[in-house]
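Student: Input: one structure, supplied below.
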Amino acid sequence: MTARYDWTINQGETSKLTYVRTLTSNGNPENFADSATFRMQAKDKYGGTAVFTSEAADFTHVNQSNQIIITLSAGDTADIPAGKYVYDVEAVNEPNTNEVTRILEGSLIVKAEVTTSV
């Protein structure tokens, strides 16, 4: 089952989200494969236009851990127009196959920035 998290960010601000994966049956940690890579995309609606697409640099995977950290830089968030979007995060090639597993999904709420660089 895919975890759901509604993420609110501020334009022009670095934002981090730490995701810890657990087994739904007992709540114990479930590790990602060492070879797993991750990707994220936010769109204006399901099947709509992408407003943000992640790069590998946006993810920190603690090897042999059930934790990933998603970091959106100040530049990333400044480029996303204020509004409400849908997003998901997928683990790719996990474990050592060509599997794609959606691990996180929800709304991405971007609050408008008032102060900008001069």
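Throughout, read-outs are computed from the coordinates displayed, never taken from laboratory work. These numbers were taken from a predicted model, which means no experiment stands behind them. As a convention, Cβ positions derive from the backbone with ideal geometry for all residues, glycine included, and neighbour counts pool all protein chains shown.
Student: Could you work out the relative contact order of the chain? I mean the mean sequence separation of Cα pairs under 8 Å and 6+ apart, divided by the number of residues, in percent.
Tutor: 38 percent
Student: Consider all pairwise Cα distances in the range 3-111 and report the whole-number % of them above 25 Å.
Tutor: 21 percent
Student: Asp76: net charge of surrounding residues, Cβ under 12 Å, Lys/Arg +1, Asp/Glu -1, itself excluded? Working shown, then result.
Tutor: Numbers: positive: Lys16; negative: Glu13, Glu55, Asp58, Asp79.
For residues surrounding Asp76, the net value is -3.
Student: What is the magnitude of the charge dipole of the chain about its Cα centre, with +1 placed on the Cβ of each Lys and Arg, -1 on the Cβ of each Asp and Glu, and no other charges, expressed in debye to the nearest 20?
Tutor: Details: 9 positive and 15 negative charges, 60 e Å.
With Lys and Arg at +1 and Asp and Glu at -1, about 300 debye.
Student: What is the fewest-to-most order of Leu104, Leu17, Leu23 by other Cβ atoms lying within 10 Å of their Cβ?
Tutor: Listing Leu104, Leu17, Leu23 from fewest to most nearby Cβ atoms yields Leu23, Leu17, Leu104.
Student: Ranked from highest to lowest mean number of other Cβ atoms within 10 Å per residue, what is the order of the peptides 49-59, 32-42?
Tutor: 32-42, 49-59
Student: Per residue, how big is the convex hull of the range 14-59 when only Cα atoms are used? Give it in Å³.
Tutor: On the way: hull volume 6.0 nm³, N = 46.
Expressed per residue, the convex hull around the Cα atoms of the range 14-59 is 130 Å³.
Student: Okay, moving on. Place +1 on the Cβ of every Lys and Arg and -1 on the Cβ of every Asp and Glu in the chain, take the dipole about the Cα centre, and give the residue among Val62, Asn31, Thr2 whose Cα lies farthest towards its positive end.
Tutor: Projecting each Cα onto the dipole axis, the largest value belongs to Thr2.
Student: Among Tyr19, Met40, Tyr85, flag the residue with its Cα farthest along the positive direction of the charge dipole of the chain, charges on Cβ as +1 for Lys/Arg and -1 for Asp/Glu.
Tutor: Tyr85
Student: If the cut-off is 14 Å between C-alpha atoms, which aspartates and glutamates fall inside it for Lys84, apart from same-chain ones fewer than 8 positions away?
Tutor: Asp6, Asp44, Glu105
Student: With runs of 4+ DSSP H residues as the only contributors, calculate the mean residue ellipticity of the chain at 222 nm using -39,500 (n - 2.57) per run, divided by the residue total and rounded to the nearest 500.
Tutor: Working: 1 runs with 5 residues, N = 118.
Estimated from H runs of four or more residues: -1000 deg cm²/dmol.
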